[in-house]
Amino acid sequence: MEPAALDYRSAFQLAPIGLVLSAQRQIVDCNERVLQMFATTREQLIGQSFAVMYPSAAEFERTGARIVASLDAQGHYADDRVMRRLGSSELFWCHVTGRALDPADPHARGIWSFEDLSARRQITAELTPREREIAALLVEGQTSKLIGRRLGVSPRTVDIYRGRLMKKYAASSTPELINKLLSA
């Protein structure tokens, strides 16, 4: 006896990570894991802008610009970022990986995966939107110069934010800060 065939729709719905299909930064479809992760319902999410998943409108806009600037030749993008649960407004770290179906028009259509990192990475300090962005890029191993270029600010501005993060996390060095960000 052959096992029951698993169709693509079932595989999409039951995937162990969150999956979203998008068009023009609007959510066209998502699976059950996304609904659980973002504490919401299909009715509240389908047809909405990805902006509802971000802590602020500014972070949504800056992330969109970063995606366009950072796509590889195949249209792939990945990062760790702070997202917002719709049901509670709780902030959490999330690993996001995506693929623009047309690298020449990155926001036209895409498929995105979301992995909730909160079980191993907690937000333990109140951070501003810019601090969250810089923290995420520091964790990726980016230098002040590269972070500044990616965010459109000077390396000195990045260093000022790094200093604020070090103070908030009581870290005496950048490696200690990164360790605390990863283990917080």
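The values are calculated or read from the model by the stated rules, or taken from the named source; none is laboratory data. Small disclaimer: the values here were computed from a predicted structure and weren't measured. Methodologically, a virtual Cβ is constructed for each residue, glycine included, from the backbone with ideal geometry; neighbour enumeration extends over all protein chains shown. Surface areas here come from the heavy atoms of the whole protein model, side chains and all, with no ligands, DNA or RNA. Shrake-Rupley method; radii C 1.70, N 1.55, O 1.52, S 1.80 Å.
Expressed in nm to one decimal, what extension gain is obtained for the pair Arg42 and Glu176 from 0.36 nm per residue of sequence separation less their Cα-Cα distance? Extending this stretch completely gives an extra 44.2 nm.
Could you check the simple spin-label distance between Ser88 and Tyr8, using points 7 Å along Cα→Cβ, in nm with one decimal? The answer from the label model is 3.6 nm. Protein heavy-atom surface of the chain, 1.4 angstrom probe: 56% of the accessible area is carbon and sulfur, with nucleic acids and ligands not counted. Bridging of Lys180 to aspartates and glutamates at a Cα separation below 17 Å is possible for Asp80, Glu126, Glu131, Glu133, Glu140, once same-chain residues fewer than 8 apart are set aside. The label point for Ala104 and the one for Val28, both projected 7 Å from the Cα toward the Cβ, are 1.8 nm apart.
In the chain, the calculated helix contribution to ellipticity at 222 nm averages -11500 deg cm²/dmol per residue, counting -39,500 (n - 2.57) for every DSSP H run with n ≥ 4. Separation of segment 34-65 and segment 120-136 by C-alpha centroid, Å? Between the Cα centres of segment 34-65 and segment 120-136 lies a distance of 18 Å. Database remark: amide H of Leu19 closer than 5 angstrom to the amide H of Asn31, Arg33, Val34, Phe114 (H placed geometrically; neighbours at sequence offset of 5 or more, or on other chains; Pro and chain starts carry no H). Over the chain, accessible surface divided per residue gives 52 Å², non-protein components excluded, 1.4 Å probe.
Structural descriptor for the chain: relative contact order 17 percent, calculated from alpha carbon pairs under 8 angstrom and at least 6 residues apart. Rounded to the nearest 10 degrees, the inclination of helix 129-139 to the longest alpha-carbon principal axis of the chain is 90 degrees. Shape call for segment 54-95 from the C-alpha gyration tensor, a ≥ b ≥ c root eigenvalues: rounded (a/c under 1.5), prolate (a/b greater than b/c) or oblate? Cα axes put segment 54-95 in the prolate bin. Pairs of Cα atoms nearer than 8 Å and 6+ residues apart set the relative contact order; for segment 57-147 it is 24 percent.
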